[in-house]
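Below is one structure, written out as structure tokens; the observations come after it.
The values are calculated or read from the model by the stated rules, or taken from the named source; none is laboratory data. Quick caveat, the model's predicted, so the values are computed rather than measured. Because the Cβ atoms are built from the backbone with ideal geometry, glycine has one as well, and the counts that use them run over all protein chains shown. Side chains included, ligands, DNA and RNA excluded: accessible areas come from the protein's heavy atoms. Shrake-Rupley method; radii C 1.70, N 1.55, O 1.52, S 1.80 Å.
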Amino acid sequence: MNLPQIICSVAAGIVAVIFVILSIIANRTLDSIFVPSSKMWKKLNFTEEEARKNADADEKLKYEKMDAAKKTADHWLGCTAHQDLWTTSFDGLKLHGFLFSTEGNHRYAIIIHGYRGSLRETSVYGMDYHKRGFNVLLPENRASGMSEGKFVSMGSLEKKDVVKWIEKILEIDGEAQIVLHGESMGAATVMMTLGEKLPDNVKAAVSDCGYTSLWDELHYLLKECMHKPTFPILPLAAFYSRLRFGFGFKKTSSIRAVKKTGVPLLIFHGGSDFVVPTKMAKTIYVATASAKDWFIMPSAGHCQSVIVSPDIYWTRVHDFLKSTHFAEGSEG
């Protein structure tokens with residue numbers, strides 16, 4: 001073997017080793033983001049402890065409001081009559097949710113929780129809808145709570161689960177008028193659902209701090225929040241995501257869905273959101289093909305609009321629903 005061949009062989013070996021190392025890193029990254037049973041998922045900790053320690057007076061007030069709202073919602077969740085509801089996903093998973101019924105009313109709110117979230121988060125929204133006479137369904141996303149599943153897909157597969165929940169509601173009440181409401185990943189899931197073939201019973205949707213696409217969101221978190229390079233880890237992670245889980249980062253997109261929807265969409269976002277950048281709300285608003293409205297809550301962080309100013313939040317929501325004629329014919 002001559003010198004050029006030796007050099008080429010060594011270079012190829014180095015490239016192969018680098019590729020293997022980067023592939024391991026990419027797959028460990030996928031585990032930390034998508035697989036609840038993995039050790040890496042547990043290491044990626046999103047607690048608020050540090051943020052609370054370093055909070056200024058205004059932020060501390062927001063946390064106090066948040067704690068009070070969650071305590072009230074927890075009480076409502078534990079004391080309000082409801083039933084366990086189950087459906088089966090397109091890929092055979094048993095999915096669980098709580099249904100809070102209201103007699104003689106055909107209005108339904110299906111509320112989708114966010115990343116690593118639970119019924120506790122969505123109960124803050126469900127409580128208001130229920131008090132206003134809505135039937136409320138709080139599903140647990142796949143791989144969350146009592147719902148089956150080995151991984152989270154950031155809306156790519158969850159959107160199909162929402163379609164199954166819509167079908168389940170229509171089995172119960174064929175005259176149901178449905179609003180979809182989601183926060184964070186749940187908001188993106190709701191918007192992605194709008195790109196599916198939906199029955200006319202779905203009358204409106206509310207997105208609170210949803211992202212434009214999974215690629216955009218991970219790119220932002222890596223570059224702006226973690227100050228890490230996006231290349232080559234992000235493309236590699238996207239490649240392995242398609243192989244392991246069956247979904248890509250760019251096709252997991254709210255933008256693609258809202259461009260073709262006919263369902264009216266209300267977009268909320270916190271003006272101080274550093275988890276999902278506020279500019280994404282404008283991008284989604286501009287892309288939405290249906291009747292639409294948006295509101296940026298100036299001082300709110302990620303999914304804090306309902307906490308910072310609940311009166312403004314719910315006035316906006318229910319005024320929007322009235323503008324879409326949601327309430328017409330809804331009473332039993």
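Whether a residue is touching a helix residue (DSSP H, G or I) at 6+ places or on another chain (Cβ under 7 Å) and outside any strand (DSSP E or B) was assessed, and Val163 passes this test. Free of Cβ contacts under 8 Å to residues at least 40 places away in the same chain, open to solvent by less than 30 Å² (accessible area, probe 1.4 Å) and polar (S, T, N, Q): does that describe Ser23? No: the conditions fail for Ser23. Determine the pairs where a residue that is over 18 Å from Ser305 (Cβ atoms), located within the stretch 57-85, has a partner that is open to solvent by 70 Å² or more (accessible area, probe 1.4 Å) and assigned to a helix (DSSP H, G or I) with Cβ atoms under 7 Å apart, the partner being 6 or more residues away or on another chain. Going by the 7 Å Cβ cut-off, the qualifying pairs are Asp74/Arg120. Looking at this structure, is Thr193 within 15 Å of Thr87 (Cβ to Cβ), surrounded by 22 or more Cβ atoms within 10 Å (Cβ to Cβ) and touching a Lys or Arg at 6+ places or on another chain (Cβ under 6 Å)? When the stated conditions are applied, Thr193 passes them. Criterion applied to Thr315, Thr324, Thr278 was being without any contact (Cβ under 8 Å) to a residue 24 or more places away in the chain and either in contact with a Cys (Cβ under 8 Å, 6 or more places away or on another chain) or over 19 Å from Ser184 (Cα atoms) (or both), and the one residue passing it is Thr315. The set of residues in the stretch 35-81 that are loosely packed, with under 10 Cβ neighbours inside 10 Å, of a type outside the set (D, E, K, R) and more than 21 Å from Leu119 (Cα to Cα) comprises Asn54, Ala57. Tallying residues that are in contact with a Gly (Cβ under 9 Å, 6 or more places away or on another chain), open to solvent by less than 10 Å² (accessible area, probe 1.4 Å) and either of a type in the set (Lys, Arg) or in a helix (DSSP H, G or I) (or both) within the stretch 166-190 yields 6.
If I ask for residues that are touching a helix residue (DSSP H, G or I) at 6+ places or on another chain (Cβ under 9 Å), part of a strand (DSSP E or B) and open to solvent by 10 Å² or more (accessible area, probe 1.4 Å), which ones from the stretch 102-127 would you list? Scanning the stretch 102-127 gives Arg107, Tyr108.
Do we find that Asp84 is more than 23 Å from the chain's Cα centre (by Cα), over 17 Å from Tyr240 (Cα atoms) and either open to solvent by less than 40 Å² (accessible area, probe 1.4 Å) or not basic (Lys, Arg) (or both) in this structure? Spell out how you get there, then give the answer.
On the way: more than 23 Å from the chain's Cα centre (by Cα): no; over 17 Å from Tyr240 (Cα atoms): yes; either open to solvent by less than 40 Å² (accessible area, probe 1.4 Å) or not basic (Lys, Arg) (or both): yes.
Here the answer is no, as Asp84 does not meet what is asked.
When residues in the stretch 13-22 are screened for being at pLDDT below 85 and farther than 21 Å from Phe231 by Cβ, 0 of them pass.
Evaluation of Asn2 against the conditions (1) surrounded by 10 or more Cβ atoms within 10 Å (Cβ to Cβ); (2) more than 17 Å from Glu121 (Cβ to Cβ); (3) of a type outside the set (Lys, Arg) shows that the sole unmet condition is (1).
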